[in-house]
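Data block below; observations after.
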C-alpha cells in the first residue's frame, strides 16, 4: 500500500472534524455572507484556506488530483484510463462545486462563526467529506476528479485542498467546438458551440496560468503540483502519455490501464461524462484530424495560439 493510501485510509474511520485555524496571512477575497450582496442574489461564500498545520484536522482527503479540461476534450477517456489503475479511483463527474451549505437561522450562523466557520468553510468540509467517502468506498489510494466545470472554481479547489495536484488536458479548440456542436446539433449551432466551449477553455487556461510553470507555447509539461498533456498525444500514444502521467502521480504504470473496457461499463453514466459508443469500446481510439489553419475561426484563434496549435 502506498503512503498516500495509508494517509487516506487511516482517516476513513473519522466521524467528526475538530477545526483549528491559523489566522490567514491576508483577508479573504470573498465578502462576508450578506455584506454588500445584491438583492435576490446568493451572497458569495466566505472561506479560509487551511494552514498546513490544520490539514490534519480540517481535511480527510490527501493530495487529490483534479483533471482540468474543457468540455469535449477527452476527459472521460483519461479518467477511464486512470480508473483502470489499481491505486487510482476516478469516478464519474461529481460536480462538487454545486454542493452548497446554508444556514437555517441566524443562530446557527452565529454558532458556526464562533467556530471560525463561514458558509464557504462548511462547503469545503462537505466537498472533502464526499470525495473522501467515495475514495474509501473504492478501496483505492488516490482520488482523481474530472468535472470540466471545476476549472471555473480552481481557486476554491486550491484553497480547499492546498496539497491538491492538477492535470491539464488540452485539445485543439476547433476540435472541441466541433465535438460540442455535434453532440447536440439541434441545441446549438457551431458558432454557439464555439462560444460556449470557449468559456471552459478560458477557465482552464486561467487555472493553468495560476499553476505557474506551464510552457508559454502550450507544450506538455509540469512540476510537482501540475502536469499538462494533449488529447492528440493521448490518442496517438496512450502508453507513453500514461507512463508520464503515472510518473507525475507517483504510481507505477500498469499495462491494464490501456484495456480500461475490461471493467464493467456501469461507470459510464449519461450526463456525467461521455457515454457514447466510442468511449464504450474500452480501447483508445484515434482522434480526428487536426483542423487546417484556414479552418480556425477568429473567435478561437487566440486560444489556438495560446495552446500552441497555431502560430
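Within the set 180, 161, the sole residue that is over 23 Å from residue 49 (Cα atoms), in contact with a helix residue (DSSP H, G or I) (Cβ under 8 Å, 6 or more places away or on another chain) and touching a residue at least 12 places away in the same chain (Cβ under 8 Å) turns out to be 180. The residue of segment 29-56 that is farthest from the chain's Cα centre (by Cα), among those that are surrounded by fewer than 11 Cβ atoms within 10 Å (Cβ to Cβ) and at pLDDT 60 or above, is 41. Residues satisfying the criterion are present in segment 137-148 (criterion: surrounded by fewer than 18 Cβ atoms within 10 Å (Cβ to Cβ), touching a strand residue (DSSP E or B) at 6+ places or on another chain (Cβ under 7 Å), in a helix (DSSP H, G or I) and touching a residue at least 12 places away in the same chain (Cβ under 8 Å)). Only residues that are touching a residue at least 24 places away in the same chain (Cβ under 8 Å), touching a helix residue (DSSP H, G or I) at 6+ places or on another chain (Cβ under 9 Å), within 29 Å of residue 200 (Cβ to Cβ) and not in a loop (DSSP other than H, G, I, E, B) were counted across segment 80-129, and they come to 17.
Residue check: residue 178 meets all listed conditions (1) more than 30 Å from residue 57 (Cα to Cα); (2) assigned to a helix (DSSP H, G or I); (3) within 21 Å of the chain's Cα centre (by Cα) but one, namely (3). Among all residues of segment 267-287, there is none that is modelled with pLDDT of 95 or more and not in a helix (DSSP H, G or I).
Can you tell me which of 303, 257 is modelled with pLDDT of 65 or more, part of a helix (DSSP H, G or I) and closer than 26 Å to residue 243 by Cα? The match here is 257.
Checked against the criterion of being at pLDDT 95 or above, in a loop (DSSP other than H, G, I, E, B) and touching a helix residue (DSSP H, G or I) at 6+ places or on another chain (Cβ under 7 Å), segment 201-208 contains not a single residue that satisfies it. In the set (1) surrounded by fewer than 16 Cβ atoms within 10 Å (Cβ to Cβ); (2) under 24 Å from residue 81 (Cα atoms); (3) in contact with a helix residue (DSSP H, G or I) (Cβ under 9 Å, 6 or more places away or on another chain), the condition left unmet by residue 133 is number (3).
The values are calculated or read from the model by the stated rules, or taken from the named source; none is laboratory data. Every value quoted in this text rests on a predicted model; they were computed, and no experiment measured them. So basically every Cβ, Gly included, is an ideal-geometry build from the backbone, and we count neighbours across all protein chains shown.
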